[in-house]
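Each reported figure results from applying straightforward, stated rules to the coordinates on display, with no laboratory input. Only a predicted model underlies this, so the values are computations on that prediction, with no experimental measurement involved. Here Cβ is always computed from backbone atoms with ideal geometry, including for glycine, and neighbour counts include all displayed protein chains.
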Amino acid sequence: MSQSALTALTLPHNAVWFVTGTSSGIGHSLLSSILSAPGHRVVALSRDPSAIPLPSTSTKDNTLLVPVDLKSKDSIKAAFDAAIKTFGRIDVVVNNAGYGLIGELESVSVTAGRELFEINYWAPIQITLEAIRIFREVNPLSGPIGGVIAQVSSAGGYITAPGQVYYHSSKWALEAATESLVKELDPEWHIRAVIFEPGSVKTKWSNANMVDGGQHPAYVREESKMLGTDLIRNMAGWEGKLGAEARDVANLMAKVVRDEEGKWGGRNLLRLPVGADSWTLIKSDVEEVRCNLEKWKKESESTSPGDVKETLKALGLIQE
């Protein structure tokens, strides 16, 4: 389904950002990126805000530290209430918090998978729901209607690697939900969405933020015959060769959200690979899909009653 055109959205000079996962990595670097714009303010969320090292540009007037339990709907609501009480509005929501879970599908417990979904999927969904309401109903009371929803996904939100079933599933689900959401919203609400898909970044993701779900004995192999998950486990330190600096990723994200180069063009930016590794891997996957579509086109179309393209266009499901 094609996107409805959006009226140009310009963030106010004193835009308020609401960011999860700010204690380290991309989320922490975002604090400096956000506050580099004069007048912009930030609500920094973390399980323990007192542990967040703040940039020199942070003051009591432009930074609000809020504790949050992302597994709790009430805690998320309380964080939004605190932000509105302090700043009166929210213009950008960045769903950055998340973690990885490595292990074969047969080895990782379903309980562990459900717990990951609470943080990687359900928390961003709950935050997105609160954001839409505030963008539409609260923001007009103090300035322009609307805002930006930024989902920090991953190259793994589009492609997959072994040993990451639940992580990939959570990111794919978040991307699908976001893509569907933007097709539901009224363009007059001026709500935009962007999905960032970072590749490797020099953060704690592959160590402190990666839970090991164990290994099923059937997958144990000697080193020369390792299966996929162990190959991924043995890529320790790969961020040093491929990984972008978190500050560079954060600066790009802030620049894109602010639309500093005017590239949004009245549309949502549904997916933006971040990093040459992400771009290359996703491009390769897209090419493989394209090749398979052409290879199996006859078989795919054989079940349909004639040319359905015009009907799909009439229904607004595709555009040229």
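Key figures for this structure:
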read-out: VAL201 long-range amide H proximity, modeled H, under 5 Å; value: ALA244
read-out: Peptide ranges 286-298, 148-160, 103-115 listed from the most packed, as the mean C-beta count within 10 angstrom indicates; value: 148-160, 103-115, 286-298
read-out: Rounded to whole Hz, the Karplus (6.51, -1.76, 1.60) HN-Hα couplings of the stretch 125-136, x for glycine and proline; value: 5, 4, 5, 4, 4, 5, 4, 4, 4, 5, 4, 7
read-out: Helical contribution to [θ] at 222 nm, DSSP H n ≥ 4, -39,500 (n - 2.57), averaged over the chain, rounded to 500; value: -11000 deg cm²/dmol
read-out: Descending semi-axes in Å of the stretch 145-205, equivalent ellipsoid built from Cα gyration tensor; value: 26, 13, 7
read-out: Interchain or long-range residues, amide H under 5 Å from LEU9's placed H; value: none
read-out: Computed lengthening from ASP212 to VAL289, 0.36 nm per intervening residue step minus Cα-Cα distance; value: 24.6 nm
read-out: Potential extension, SER72-ALA276 segment - 0.36 nm per residue separation minus Cα distance; value: 69.8 nm
read-out: Interchain or long-range residues, amide H under 5 Å from LEU269's placed H; value: ALA193
read-out: Size of charge dipole - the chain - debye, nearest 20, with Cβ of Lys, Arg +1 and Asp, Glu -1, no other charges; value: 560 debye
read-out: Per-residue HN-Hα couplings for the stretch 87-94 [Karplus 6.51, -1.76, 1.60; θ = phi - 60°; Hz; x = Gly/Pro]; value: 10, x, 6, 9, 10, 9, 10, 10
read-out: Taking N as its residue count, the alpha carbon Rg of the chain over 2.2 N^0.38 Å; value: 1.06
read-out: Whole-number Å³ per residue for the convex hull built on Cα positions in the stretch 126-167; value: 74 Å³
read-out: Theoretical gain in end-to-end length, ARG114 to LYS298 [0.36 nm per residue, Cα-Cα removed]; value: 62.3 nm
read-out: Spin-label model distance (nm) - LYS60 vs LEU312, 7 Å beyond Cα toward Cβ; value: 5.9 nm
read-out: Computed E for GLU137/THR160 - FRET, C-beta separation, R0 35 angstrom, nearest 0.05; value: 0.35
read-out: Summed residue charge, Cβ within 14 Å of VAL308's Cβ, Lys/Arg positive, Asp/Glu negative; value: 0
